[in-house]
Structure formats: C-alpha cells, structure tokens
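Engineer: Can you read through this structure? Questions will come right after.
The values are calculated or read from the model by the stated rules, or taken from the named source; none is laboratory data. No experiment lies behind these values; they were computed from the predicted model shown. Don't worry about glycine lacking a Cβ; one is built from the backbone with ideal geometry, like all the others, and counts go over all protein chains shown. Heads up: the accessible areas ignore ligands, DNA and RNA and are worked out on the full protein's heavy atoms, side chains in. Shrake-Rupley method; radii C 1.70, N 1.55, O 1.52, S 1.80 Å.
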Amino acid sequence: FQLSPSQINDVLRAGELSHKILYLNGKNANSVLRFESNQLASNTPIEDRRSAATCLQTKGMMFGVFDGHAGSACAQAVSERLLHYIAVSLMSRQTLEEIELAVECMKPVLPILQWHKHPNDVEYREITSQYFENLRVYWQHLLDLDTEPGFSLEEAMICAFKRLDSDISLEVQAPQENELMRNIALQVAFSGATACVAHIDGVHLHVANTGDCRAILGVHEEDGTWSTLPLTRDHNAFDEFEIRRLKREHPRSEEKTLFVNDRLLGILMPSRAFGDVQLKWSKELQHSILENSCDVEALNIYQYVPPNYHTPPYLTAEPEVTYHKLRSKDKFLVIASDGLWEMLSNEKVVNLVAGHLTELNVQKPQLAFEKPVNLGYMHSLLLQRKNRGIASLDQNIATHLIRHAIGSNEYGEVDQEKLAAMLTLPEDLARMYRDDITVTVVYFNSETIENYYRNNE
C-alpha cells in the first residue's frame with residue numbers, strides 16, 4: 001500500500017499548530033515572535049501531549065512537551081494541570097487573595113492562563129472541577145505560609161512539579177464515590193509521564209525538565225555558522241549524575257540492582273517522571289489501593305513489583321531547572337519528546353531549522369509578482385517551487401523536523417518511499433521502528449532582545 005505525496009502530507013500535517021504573537025502599535029513587544037508545533041503518533045492513541053499558554057499574571061509564555069508511558073492518562077493530566085500550578089506558584093499574595101475571595105463569593109475568577117490549543121488537544125472535561133479544587137488547596141497552602149510567596153522562577157517550577165506529582169498520588173488514595181473519577185485517578189497515578197516546560201519572559205528563559213524530553217537552543221554565531229546549546233540533560237541510565245544521585249538515595253546493597261539493562265529497576269527508561277506510583281509507593285500501599293479498586297485489567301493497569309524493590313521511592317518528579325539569559329544571537333528553542341531525539345541529533349535538528357528559515361526567507365521575495373501576471377509566468381514560478389523539492393512544502397517547521405526524523409536516508413535526505421513505509425506500518429510494528437514524536441519550536445524576536453540590552457545598559 002503506497003501513499004501518494006499528498007496523502008503523506010495529510011498524515012504529517014494533521015497535528016500542526018502555529019501561533020504568531022500580535023503586536024499592537026509595537027507595544028507589548030514580546031521576545032517570542034511565534035511558535036510552531038506538531039505531533040505524530042506511533043501508539044494508538046498517542047501517549048505524548050503538549051501545552052502552550054500565556055501566563056496572564058506574569059505575562060510570560062509557557063511551552064510544555066509531555067511523554068507518557070503505560071498509557072496516555074498521566075501525560076494528559078500533567079499537560080492540563082502543570083502550567084496552572086506554575087502560574088499559581090508565581091502569583092503575588094495579593095493576586096492569590098483576590099482569586100480566593102472570588103471563589104468564596106462564587107464570583108468569576110480571574111483567568112490564569114490563555115491557552116494556545118490545537119482542536120484535537122483533548123481535555124478531561126468530567127474531572128476539571130476536581131482539578132480546580134485541588135489547585136485551590138495548593139494556593140490556600142501558599143496563602144497559609146504567612147509570608148509573601150515570592151518564589152523565584154526556579155523555585156516556583158520545582159515546587160509546582162513536586163506539588164502536582166504529590167496531588168496525583170494523593171487523589172488516587174482519597175475515597176471517591178464517583179466511579180469515573182476514581183478510574184481516571186487510578187490510570188493517571190499508575191501510568192507515568194516525563195515533562196519539559198519552558199517559561200519565557202523578556203530575555204529570561206527557564207527550562208524545567210523531568211525525564212528524557214529535551215530542549216535545545218539554535219544559536220546564530222557572528223561568523224554565520226549555527227551552533228547548538230543544550231538546556232536539559234536526559235534523566236536516564238546513561239547519565240552519570242543520575243546514577244550517582246540514585247546511589248546516594250539508596251543503600252549500598254542495592255547498587256547493582258538500581259539499573260538493570262539500562263532501565264530503572266529493569267523497568268523504566270527515564271529515571272524521573274510524574275505518576276508511576278508503582279516505583280514510588282510501598283508494596284503495602286500499592287496492594288491496598290489496587291485491592292479495593294474495580295476491574296484493574298479493564299483499566300490497563302500494569303501490576304508488577306520488581307524483584308529488588310526494597311527502599312522506595314526510586315523515582316522523583318523533581319525537575320532540573322536551567323536558566324539562560326537570551327541574547328540576540330539565540331534564534332529559536334526546540335522542545336521535543338525523545339521520539340525526535342532518537343532519530344536526529346541536536347546538531348541535525350538545529351541545521352534543519354536554520355536551513356528552513358533560510359529557505360523561507362529566499363521564498364518570500366520570489367512571490368512578488370511581476371506585472372502583468374500571465375499564465376506562463378505563474379507556471380514557471382510553480383515549476384521553480386516544485387524543483388526546489390518536496391521538503392520546501394512544509395510551512396510548519398515541526399512538520400519539517402518530523403518528516404526528516406522518520407524519512408531520512410543515510411545521506412540525510414528525505415526518501416519518499418521510506419517515509420511512506422514508516423507511515424503505513426501496522427500498529428503493532430510501528431512502535432518497534434519509531435516512538436510518538438512531539439515537537440514545539442519557539443522563534444525569538446531578536447529586535448526585542450536587542451532593545452532590552454540597549455535600554456538596560
């Protein structure tokens with residue numbers, strides 16, 4: 001079964017999302033120019049999720065990529081909730097008090113986030129009120145601290161990640177009359193997700209990472225070359241820091257069994273994640289929760305206690321936060337799930353984005369028509385575009401990256417036959433050749449960044 005080029009494009013472009021920042025009379029000059037994002041499933045349904053939102057209190061923008069495992073439930077919950085937890089962590093005491101008062105008086109609450117969503121981005125509508133209640137408990141806790149919350153951005157991100165993971169764990173332990181709510185809480189807690197979230201405010205870029213999604217910067221050097229600046233480390237068995245951290249946290253007698261076959265306890269590739277309570281709770285707690293649950297098999301809950309499970313927790317959702325002060329030569333940020341990085345190196349990704357930028361700039365002037373426009377002239381223009389190859393068809397850079405990730409041959413060129421084959425693999429085979437891929441590329445406004453330095457010198 002052979003897909004035509006247009007069918008290939010339809011499959012690749014189904015998840016495209018792009019958003020351009022509006023400038024009103026040059027005011028509100030955001031350091032983000034635009035962002036483009038896309039997803040391609042390997043699992044059915046896809047286990048990756050993504051989020052993008054403007055934080056209405058800090059005016060910062062947030063972008064997240066979430067890679068689920070053992071189902072999509074945890075990635076789904078984290079993609080809906082984590083940005084809210086970060087936003088609340090960044091609020092002043094006064095704002096938190098205003099929001100709490102509005103809820104108490106049953107008045108409309110100040111919106112916290114302005115979401116930038118794709119129509120296909122699903123939501124657990126049934127459980128939104130429950131999530132809101134638990135978010136409220138969190139901001140009440142912040143108000144109880146008796147001091148101005150005043151977290152630094154790094155502290156806010158760490159606190160939000162840890163608090164949400166703790167809530168996921170507690171929600172499944174709380175008595176719940178509603179069967180649907182209980183089932184969702186079980187699926188969220190017993191599946192897992194890694195997460196990478198960027199917060200961009202002016203020239204201040206913070207990236208919080210838990211697991212093996214990755215964020216890199218594309219840097220345009222003064223000599224015209226492009227370089228790559230990694231902003232995250234993959235948390236897995238190949239990272240020396242992670243191995244040392246886990247050895248510090250567990251007895252020496254367990255050194256040999258912490259990682260088996262490059263997996264945490266022989267089970268999990270990432271060494272940090274949300275959910276996955278079967279690597280965090282005691283055996284007794286797991287047993288008591290699952291014993292009282294309804295049909296665990298129907299919920300696809302994976303019950304397995306590893307042979308060397310002695311001193312949990314073995315897994316944490318605590319992120320590593322990186323701070324970078326943007327410079328005018330920092331042109332774009334790429335955040336993607338490991339499905340992309342398994343196929344393409346950091347350098348290759350930056351070169352593909354840079355090449356695409358150059359190509360788009362070359363295309364623009366050629367679309368200025370000479371007058372009068374006749375059919376022959378239009379025909380020659382179309383031929384020119386066609387001859388520049390199919391790759392130039394992608395307006396969305398995330399699609400361009402996914403196309404190269406699954407369709408590149410050994411020379412780094414897209415092979416149409418390989419691309420078609422990779423997109424028509426049967427469901428049970430697809431997972432052996434490629435993972436779910438989610439990519440978000442954020443372009444920076446160099447002019448705004450330059451103005452910042454000019455005005456703050």
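Engineer: Residues 135, 143, 170: which one is surrounded by 17 or more Cβ atoms within 10 Å (Cβ to Cβ) and either assigned to a helix (DSSP H, G or I) or out of contact with any Lys or Arg (no Cβ under 9 Å at 6 or more places or on another chain) (or both)?
Structural biologist: Every option except 135 fails the conditions.
Engineer: Show the residue pairs that are 6+ apart or on different chains and have beta-carbon atoms under 6 Å apart, the first residue being within region 400-422 and open to solvent by 20 Å² or more (accessible area, probe 1.4 Å), the second being charged (D, E, K, R) and part of a helix (DSSP H, G or I).
Structural biologist: Taking only residues 6 or more apart or on different chains, the pairs are 414/403.
Engineer: Taking region 375-399 only, how many residues are modelled with pLDDT under 85 and open to solvent by 30 Å² or more (accessible area, probe 1.4 Å)?
Structural biologist: 16
Condition check ((1) crowded, with 24+ Cβ neighbours inside 10 Å; (2) part of a loop (DSSP other than H, G, I, E, B); (3) touching a residue at least 60 places away in the same chain (Cβ under 8 Å)) across all residues:
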site	(1), (2), (3)
199	yes, no, yes
229	no, no, yes
232	no, yes, yes
245	no, no, no
281	no, yes, yes
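Engineer: Moving on to the next point. Could you figure out which of (1) free of Cβ contacts under 8 Å to residues at least 24 places away in the same chain; (2) within 30 Å of residue 450 (Cα to Cα); (3) among the small types (Gly, Ala, Ser) isn't true of residue 60?
Structural biologist: Among (1) free of Cβ contacts under 8 Å to residues at least 24 places away in the same chain; (2) within 30 Å of residue 450 (Cα to Cα); (3) among the small types (Gly, Ala, Ser), residue 60 violates only (1).
Engineer: Let me ask something else. Select from region 290-332 the residues that are hydroxyl-bearing (Ser, Thr, Tyr) and part of a strand (DSSP E or B) and list them in ascending order.
Structural biologist: Listed by number, the residues that qualify are 316, 322, 323.
Engineer: If you don't mind, another one. Quick one: in region 433-457, of everything that is part of a helix (DSSP H, G or I) and among the aromatic types (Phe, Trp, Tyr), which residue is nearest to residue 338 (Cα to Cα)?
Structural biologist: Out of the qualifying residues, it is 433.
Engineer: Within region 337-353, can one find any residue that is part of a helix (DSSP H, G or I) and without any contact (Cβ under 8 Å) to a residue 24 or more places away in the chain?
Structural biologist: No, because not a single residue in region 337-353 is part of a helix (DSSP H, G or I) and without any contact (Cβ under 8 Å) to a residue 24 or more places away in the chain.
Engineer: Inspect region 114-128 for any residue being assigned to a loop (DSSP other than H, G, I, E, B), open to solvent by less than 40 Å² (accessible area, probe 1.4 Å) and closer than 22 Å to residue 203 by Cα and give the result as yes or no.
Structural biologist: Looking for residues that are assigned to a loop (DSSP other than H, G, I, E, B), open to solvent by less than 40 Å² (accessible area, probe 1.4 Å) and closer than 22 Å to residue 203 by Cα, one finds at least one in region 114-128, hence yes.
Engineer: Now for a different question. All but one of (1) more than 21 Å from the chain's Cα centre (by Cα); (2) crowded, with 22+ Cβ neighbours inside 10 Å hold for residue 210; which doesn't?
Structural biologist: With respect to (1) more than 21 Å from the chain's Cα centre (by Cα); (2) crowded, with 22+ Cβ neighbours inside 10 Å, residue 210 is out only on (1).
Engineer: Ok, one more. Search region 234-243 for residues being part of a helix (DSSP H, G or I) and among the charged types (D, E, K, R), and hand back the single one that is farthest from residue 270 (Cα to Cα).
Structural biologist: Of everything passing the filter in region 234-243, 240 is farthest from residue 270 (Cα to Cα).
Engineer: Which number in (1) in contact with a helix residue (DSSP H, G or I) (Cβ under 8 Å, 6 or more places away or on another chain); (2) within 22 Å of residue 82 (Cβ to Cβ) marks the one condition that residue 196 misses?
Structural biologist: Residue 196 satisfies all of (1) in contact with a helix residue (DSSP H, G or I) (Cβ under 8 Å, 6 or more places away or on another chain); (2) within 22 Å of residue 82 (Cβ to Cβ) except (1).
Each row is one residue, and each column tells you yes or no for (1) open to solvent by 20 Å² or more (accessible area, probe 1.4 Å); (2) of a type in the set (Phe, Trp, Tyr); (3) in contact with a helix residue (DSSP H, G or I) (Cβ under 9 Å, 6 or more places away or on another chain).
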position: 220; (1), (2), (3): yes, no, yes
position: 225; (1), (2), (3): yes, no, no
position: 263; (1), (2), (3): yes, no, no
position: 271; (1), (2), (3): no, no, yes
position: 274; (1), (2), (3): no, yes, yes
